[in-house]
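Written out below as structure tokens is the structure these notes cover.
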Amino acid sequence: MATCPECDVEVHVDEDVEKGDLIECDDCGASLEVVGLDPIELDLASDDEDEDLYDDDDEEY
């Protein structure tokens, strides 16, 4: 078990999970990334695709 960093609810994580895997919190729906394995640690998954859309200050949206 690991804890969701968004809502502090325990999240079930499969034993065969690997670092970098993405899972979803059943309680709040947050997208979580496995950042540690022993013990299992979760962090909010980054929204790199969304951030890339707005990172370039030269373009107007």
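Things to note:
- Sorting the Cα pairs of segment 2-55 by distance into bins of 10 Å, from 0 upward, gives 26, 50, 20, 4 percent per bin.
- Close amide H pairs (under 5 Å, H built 1.01 Å from N) link residue 17 with no residue at least 5 positions away or on another chain.
- In plain terms, the chain from residue 28 to residue 12 could stretch by 4.4 nm, reckoned as 0.36 nm per residue minus the Cα-Cα distance.
- Amide H contacts under 5 Å for residue 3: 11, 42, restricted to partners 5 or more places along the chain or on a different chain, H placed in the peptide plane at 1.01 Å from N.
Taken together, the values in this text are just the output of simple stated rules run on the coordinates, not laboratory data. Everything numeric in this text was worked out from a predicted model, so none of it was measured.
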